[in-house]
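The values are calculated or read from the model by the stated rules, or taken from the named source; none is laboratory data. Bear in mind that the values here come from a model prediction, so they are computed numbers and not experimental data. Cβ: placed from backbone, ideal geometry, glycine included. Neighbour counts: every protein chain shown. Each accessible area value is taken on the protein alone, full model and side chains, heavy atoms only, with ligands, DNA and RNA left out. Shrake-Rupley method; radii C 1.70, N 1.55, O 1.52, S 1.80 Å.
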Amino acid sequence: MRATSSLLNLLLLSLLTGLDPSKTQISPKEGWQVYSSAQDPDGRCICTVVAPEQNLCSRDAKSRQLRQLLEKVQNMSQSIEVLNLRTQRDFQYVLKMETQMKGLKAKFRQIEDDRKTLMTKHFQELKEKMDELLPLIPVLEQYKTDAKLITQFKEEIRNLSAVLTGIQEEIGAYDYEELHQRVLSLETRLRDCMKKLTCGKLMKITGPITVKTSGTRFGAWMTDPLASEKNNRVWYMDSYTNNKIVREYKSIADFVSGAESRTYNLPFKWAGTNHVVYNGSLYFNKYQSNIIIKYSFDMGRVLAQRSLEYAGFHNVYPYTWGGFSDIDLMADEIGLWAVYATNQNAGNIVISQLNQDTLEVTKSWSTGYPKRSAGESFMICGTLYVTNSHLTGAKVYYSYSTKTSTYEYTDIPFHNQYFHISMLDYNARDRALYAWNNGHQVLFNVTLFHIIKTEDDT
C-alpha cells in the first residue's frame, strides 16, 4: 500500500504540474522535487518526493489543490489498508470453513457407509432412555394421588379456618380482664396445692439416662440443688484420689460437648467420690484425713474446714467398692449431711446433719447397718437410703428415717447398666439421682410417694 500511494502521488504530480517524473534536482522553492524512482520486483514504481516549502505552496492554488488531493488519496490508502486486513481475515475464515466442509463431507460419507450400524446404535440409546423414564410412571401416578390429597387438605383447612373463626368469635365474647383474673386465680390455687406437697417416700427408681461417657472408672459429677433455674452449672471431679482439679461447665449441654467454662485447682487433694456442691460451695473430704473442706467457687478459696470426730477414713470404713469412700457428703431438701462409720458404733453407719457454714455437727443418728456392706447411699427428705451392692443386681435394701429414728428393709431395684457404681447422690432440685457408673455419667429418675396436707392437718 505504501508503494501504491507513492505511485499515485507521482502521477498526480505529473498531471497537475506538468513535470517529467524522471526529472530531478528541482528547487524546493519552485515545486515538488523527485529524489529517486525505481521499480520493485513486482514491477511497481517506488518514488521519493519532497514537498515544496509551506510558505510558497500556501499561496499557490495548484499546490493547494494538490495537497487536498493528496489528503484524499491518503484517506483512500488507509481505507484500502483496512479493507485489505478484513479481506485477509475473511480469507483465513474461508480457508477454515473449507477445511470444515471437507471434514463434514467425509463424515457424511462415513455416515452413509455406516447408516445401518448407526441406526441400530441410536435405537439402543432411545430404548435405554425409555427404560430410564419408565420408573417415572408410578411417580406421576403418585403425583396424581398427592394432588387429590392436597385438594382434600385445602378443603379441611378451609373447614378448620371456619371452626377457628367461630372459636375466636366465642372467645371474643369474654372480657379480657375477666380471663386474666381467672388465670391468676388458677396460678394461686396451683401454688397452694404445691405447698401441700411434703417430702415423699422413695417408691421407684427408673433409668438410667446416659449423659456422657468420660473419665476413669471412678469419679463424681454434680449440680447445685440450691441454684436458680437459670443456673445449670455442672462440676466434674475425675478419680477418687491424687487429684485436685475440678472442671466447671455452664450447662449440661456444655458438659456433654466438653466445653469447659472454668477450672479450679483445689488447695488439697480429695479422698473418694462422695463430694457435694451446695449453695455455691464444694464440700469434700481431705485426702488421708477425716477433715471436711468447704471451698467457695465464687471466692476461689477455702471458707471452712473441720474434723469429723471419730469418723473412719482412708479405707477403714469404705463402701463395698473401696476407693477411700469412708466419708460420704450429701444434701437433700432439709440440708447438708455426712454419712460415715465409727469404731464407737462398731463400724455401722452414722448419719450427721451439718451446719453448712461452720461444718459443725448439729445432730447425729447411729444406725445398725454395717458401712462396709453398703454399696452406696443417698438422702431424700431426711431419710437415708442404702444400696446392698455397687455391682449388677444392686437395689435399695435399707432405709433410715431421721424424723422418726426408725429403719426398715426395702426392695427397690434399679438398673446398674454399666456394672460398677462408684457415686450415687440425690439432687433435690432435679428430683434425680446422679451416678458415676464405670466411666459413664448417668441420671436415674425417682418416684416419691407424697402426702397431701388438708386444711384440718396441723
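If the segment from L448 to Q288 were pulled out straight at 0.36 nm per residue, it would be longer than the present Cα-Cα gap by 53.9 nm.
For the residue pairs K250/K294; K371/K395; K201/K230; K250/K286; K269/K294, alpha carbon separations beyond 23 Å are given by K201/K230; K250/K286.
Length gained on full extension, S261 to K244: 4.4 nm, using 0.36 nm per residue less the C-alpha separation. Shown here for the range 359-441: chymotrypsin sites (Phe, Trp or Tyr not before Pro) in loop regions (DSSP other than H, G, I, E, B) with at most 13 other Cβ atoms within 10 Å, namely F419. How much of the pair distance distribution for the range 201-449 lies past 22 Å, counting alpha-carbon pairs only, in percent? Beyond 22 Å sits 48 percent of the P(r) for the range 201-449.
Rolling a 1.4 Å probe across the protein heavy atoms gives the range 201-449 an accessible surface of 41 Å² per residue. Could you work out how far the C-alpha centroid of the range 378-405 sits from that of the range 242-289, in angstrom? Spelled out, the Cα-based centre of one part sits 25 Å from the other.
Using a simple spin-label model with pseudo-atoms 7 Å out from Cα toward Cβ, W365 and F419 lie 3.6 nm apart. Under 5 Å from the amide H of A394 lie the amide H atoms of N416, each residue being 5 or more positions distant or on a separate chain, with H modelled from the backbone and absent for Pro and chain starts. Counting only protein heavy atoms and a probe of 1.4 Å, the accessible surface of the range 296-360 is 43% carbon and sulfur.
Annotation: for a label point projected 7 angstrom from Cα along Cα→Cβ of I412, residues of the range 315-333 with backbone N closer than 15 Å are 331-333.
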